[in-house]
Amino acid sequence: MMKIGLADTTFARHDMASDAINELKSNTTGLKLIRVTVPGIKDLPVACKKLIEEESCEMCMAFGMPGPDPKDKVTAQVASTGLVQAQLMTNTHILEVFVHEDEAEGKELATLCENRAREHAQNLIRMLTHPEKMTKRAGTGQREGFKDAGPVK
Amino acid sequence: MMKIGLADTTFARHDMASDAINELKSNTTGLKLIRVTVPGIKDLPVACKKLIEEESCEMCMAFGMPGPDPKDKVTAQVASTGLVQAQLMTNTHILEVFVHEDEAEGKELATLCENRAREHAQNLIRMLTHPEKMTKRAGTGQREGFKDAGPVK
Amino acid sequence: MMKIGLADTTFARHDMASDAINELKSNTTGLKLIRVTVPGIKDLPVACKKLIEEESCEMCMAFGMPGPDPKDKVTAQVASTGLVQAQLMTNTHILEVFVHEDEAEGKELATLCENRAREHAQNLIRMLTHPEKMTKRAGTGQREGFKDAGPVK
Amino acid sequence: MMKIGLADTTFARHDMASDAINELKSNTTGLKLIRVTVPGIKDLPVACKKLIEEESCEMCMAFGMPGPDPKDKVTAQVASTGLVQAQLMTNTHILEVFVHEDEAEGKELATLCENRAREHAQNLIRMLTHPEKMTKRAGTGQREGFKDAGPVK
Amino acid sequence: MMKIGLADTTFARHDMASDAINELKSNTTGLKLIRVTVPGIKDLPVACKKLIEEESCEMCMAFGMPGPDPKDKVTAQVASTGLVQAQLMTNTHILEVFVHEDEAEGKELATLCENRAREHAQNLIRMLTHPEKMTKRAGTGQREGFKDAGPVK
């Protein structure tokens, strides 16, 4: 049974991990999902590294919602840098699923969160089970949670 | 007896570590608190790493108050990046409790410091003893020291 | 048989990896090309590190197209920082082939992507087989995908 | 005999290391001071790491004066990030004593440099010999080289 | 025979490495110089690390010319961060010799490149053979390639 880690935050304003869990459960069998919740996005890198090294997860998803202030943008950079570093230290993919609070408003923001979480769950499934399906999409301008941009013409 | 490390600075203008210590002592038994004070926030990452590796702390809190200048904002980014790195090197959580000096003024700033320190102490307790309580709060827009933002609707 | 890794993304809006593969196949024999596709550029560092460490690739190319927003520019910095780190951890070159979406428009952007991918494929060939040809070009203002800037006079 | 490392630069426009050495010698016995000078602040991290690992220094001070241009500010960030990393790799404190060239002018800048160097030398002494004196100052708004900001009221 | 590594780029618009090689050969005996050329400055960190670890170089110089766009400035930061990291991983100095394309124009830019390369070659010689000469210059405001700023008065 393959273990997948999901790390999310209490700071975020939408429960993206639950959306992803629903998507994963609806589309796969044989995955064991392990979820952990931390205060903010800067706590996600070590949370994922522990899921990988202490819980034997073979891949992770990290969910977060950076705020709109300049300070929050720096926080997002620090968190992303840490997530990349955690991946390099473990040779394991961690899909970063961040929605910036200023990408949309109200109901539209909630929908964006859900769609991005679900579409990245689909990415995870493809990467784990049919990586050649990822390559079919290479260079096609996929935009998780939004309308795809499509290839340049 | 579980050891918890607390690292803070002489640069900060409020003694957040004492607030957190008070909160931890009022709400737990069986924790041994080890505190160390350094000059500024860039000294916090190694201070925490030493608390973890040389003092066997199982979790840390790092308190700091970045100043208002652009130079100070860069310092905060460097310190946060280091704190994330220290966590990745030790597989141990370090809760960053930073209050930027320009988040509020005077008495309001002091209150913000105290509340953020206490609420992150509560996060630490939840993470150590009842991690499922963290997940209950996932995606609920918690804001330590401020009124919570709540979930998007 | 020497193995070369190619990592690209579904976010990009042009299939640069295919251009590079065509260029490599047209100009070399004895290379085995291994390709993997990930969602976005922040997923490239670990993808390359796995190609190097798990697939024994002796050199990699990482293709990506950062978007035009400030947020995307930060993402590009995080991805590039990770690619440098992956190289340092493996003592292996990874040629970063990024085209920013705002470097050109429409057909011109697609042409830029193709040319940059092909010219970096040529760089890879030179580095692998005739490194002295790289040194002949040292300080000559090469610009992959654009007209060369040439040396200062 | 405890060894202390001091690393400084030829780029700086004031000899802060000599100020610190004077302060350390006037206030301690039993310290062996080892000094090394490098071109600029980006050379300080490895200089300190070598002082720690090759010369067995138990703590270091790193002196530098970033210039006023945007390019210089980035250099300062890179240097600071490296100093934090050097500390994490060695579990050893390196006190960063940087004075930005635009913090003051002429004689006032020289005085700021001297005072900051001396006050950080005092920090080093406290950290080595009486760490509890650091904690007494926690949250009191210390400003090395300037009038202290004091605690928020 | 002591080995010195020199890494430079095809992107730069002046051949600084040749200037440095000329300076080193004119002023030393017993140095073996090993040169490698890569496409751009982000390729320099691993190039230097390989010179150190695979070619046994005891010190390196890394030459590059970041372009004038914001994107290029970020590239410079990524490259510098990587060069610092490469030094920390090897306990070996790598002198970064970067000239930003917008520091000067035309002939003046070429002269700046040559002078900076030669003066850093002199720094390398001092650091290797007479480190006490570096300390004599500490805090004197040296500016490689430009008129020295001198000490603050």
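Taking E:Ile41 as the residue in question, decide whether it is more than 7 Å from chain C (Cβ to nearest Cβ) and under 21 Å from C:Ala86 (Cα atoms). Break it down into steps so the answer makes sense when it comes.
On the way: more than 7 Å from chain C (Cβ to nearest Cβ): yes; under 21 Å from C:Ala86 (Cα atoms): yes.
Yes, satisfied.
Reported count of residues in the stretch D:98-120, each being part of a helix (DSSP H, G or I) and either among the aromatic types (Phe, Trp, Tyr) or out of contact with any strand residue (DSSP E or B) (no Cβ under 7 Å at 6 or more places or on another chain) (or both), is 15.
In this structure, does D:Ala149 turn out to be out of contact with any Lys or Arg (no Cβ under 9 Å at 6 or more places or on another chain) and either touching a residue at least 60 places away in the same chain (Cβ under 8 Å) or hydrophobic (A, V, I, L, M, F, W, C) (or both)? Let's see the steps before the verdict.
Working: out of contact with any Lys or Arg (no Cβ under 9 Å at 6 or more places or on another chain): no; either touching a residue at least 60 places away in the same chain (Cβ under 8 Å) or hydrophobic (A, V, I, L, M, F, W, C) (or both): yes.
Considered against the rule, which asks whether it is out of contact with any Lys or Arg (no Cβ under 9 Å at 6 or more places or on another chain) and either touching a residue at least 60 places away in the same chain (Cβ under 8 Å) or hydrophobic (A, V, I, L, M, F, W, C) (or both), D:Ala149 comes out as no.
The number of residues in the stretch A:20-32 that are within 14 Å of the chain's Cα centre (by Cα) and more than 21 Å from A:Leu109 (Cβ to Cβ) comes to 1. The set of residues from the stretch C:93-112 being over 16 Å from C:Lys42 (Cβ atoms), within 7 Å of another protein chain (Cβ to nearest Cβ) and buried (at least 19 other Cβ atoms within 10 Å of the Cβ) comprises C:His93, C:Leu95, C:Leu109, C:Ala110.
If the condition is being within 11 Å of chain A (Cβ to nearest Cβ), outside any loop (DSSP other than H, G, I, E, B) and out of contact with any strand residue (DSSP E or B) (no Cβ under 6 Å at 6 or more places or on another chain), then the stretch B:125-143 contributes B:Arg126, B:Met127, B:Pro131, B:Glu132, B:Lys133, B:Lys136. The number of residues in the stretch E:144-153 being at the interface with another protein chain (Cβ under 9 Å from one of its Cβ atoms) and of a type in the set (Gly, Ala, Ser) comes to 2. Looking across the stretch B:7-31, the residues that are farther than 17 Å from B:Asn123 by Cα and part of a strand (DSSP E or B) come down to B:Asp8, B:Thr9.
Based on this model, can you work out whether C:Thr37 counts as of a type in the set (Ser, Thr, Tyr), touching an Asp or Glu at 6+ places or on another chain (Cβ under 7 Å), crowded, with 24+ Cβ neighbours inside 10 Å and touching a residue at least 24 places away in the same chain (Cβ under 8 Å)? It is true that C:Thr37 is of a type in the set (Ser, Thr, Tyr), touching an Asp or Glu at 6+ places or on another chain (Cβ under 7 Å), crowded, with 24+ Cβ neighbours inside 10 Å and touching a residue at least 24 places away in the same chain (Cβ under 8 Å). Annotation note: of D:Met61, D:Met16, D:Met65, the sole residue that is touching a Leu at 6+ places or on another chain (Cβ under 6 Å) and closer than 24 Å to B:Pro45 by Cβ is D:Met61.
Scanning the stretch E:53-70 for residues that are over 23 Å from C:Asp102 (Cβ atoms) and either more than 10 Å from chain C (Cβ to nearest Cβ) or not hydrophobic (A, V, I, L, M, F, W, C) (or both) returns E:Glu53, E:Glu54, E:Glu55, E:Ser56, E:Cys57, E:Glu58, E:Met59, E:Cys60, E:Met61, E:Ala62, E:Gly64.
Right, B:Ala86: within 21 Å of B:Met127 (Cβ to Cβ) and either modelled with pLDDT under 95 or under 13 Å from the mean Cα position of the chain (by Cα) (or both) or not? Lay out the reasoning, then the answer.
Details: within 21 Å of B:Met127 (Cβ to Cβ): yes; either modelled with pLDDT under 95 or under 13 Å from the mean Cα position of the chain (by Cα) (or both): no.
The answer is no for B:Ala86.
Give the stretch D:48-85 a look and list any residue that's among the aliphatic types (A, V, I, L, M) and either surrounded by fewer than 24 Cβ atoms within 10 Å (Cβ to Cβ) or in contact with a Ser or Thr (Cβ under 8 Å, 6 or more places away or on another chain) (or both), or say none.
Of all residues in the stretch D:48-85, those among the aliphatic types (A, V, I, L, M) come to D:51-52, D:59, D:61-62, D:65, D:74, D:76, D:78-79, D:83-84.
Of everything in the stretch D:48-85, those that are among the aliphatic types (A, V, I, L, M) and either surrounded by fewer than 24 Cβ atoms within 10 Å (Cβ to Cβ) or in contact with a Ser or Thr (Cβ under 8 Å, 6 or more places away or on another chain) (or both) turn out to be D:Ile52, D:Met59, D:Met65, D:Val74, D:Ala76, D:Val78, D:Val84.
The set of residues in the stretch B:14-34 that are crowded, with 22+ Cβ neighbours inside 10 Å and facing chain D (nearest Cβ under 8 Å) comprises B:His14, B:Asp15, B:Met16, B:Ala17. Only one of the numbered conditions (1) at pLDDT 95 or above; (2) on the phi > 0 side of the Ramachandran plot is violated by A:Gly106, and that is (1).
So how many residues does the stretch D:47-97 have that are part of a helix (DSSP H, G or I) and among the small types (Gly, Ala, Ser)? Of the residues in that region, 6 qualify. Evaluate the following for A:Ala117: is it touching a helix residue (DSSP H, G or I) at 6+ places or on another chain (Cβ under 6 Å), over 30 Å from B:Glu103 (Cα atoms), more than 7 Å from every other protein chain (Cβ to nearest Cβ) and among the hydrophobic types (A, V, I, L, M, F, W, C)? In short, yes.
The values are calculated or read from the model by the stated rules, or taken from the named source; none is laboratory data. Bear in mind that the values here come from a model prediction, so they are computed numbers and not experimental data. A quick note on method: Cβ atoms are made from the backbone with ideal geometry, for glycine too, and the neighbour counts reach across all protein chains shown.
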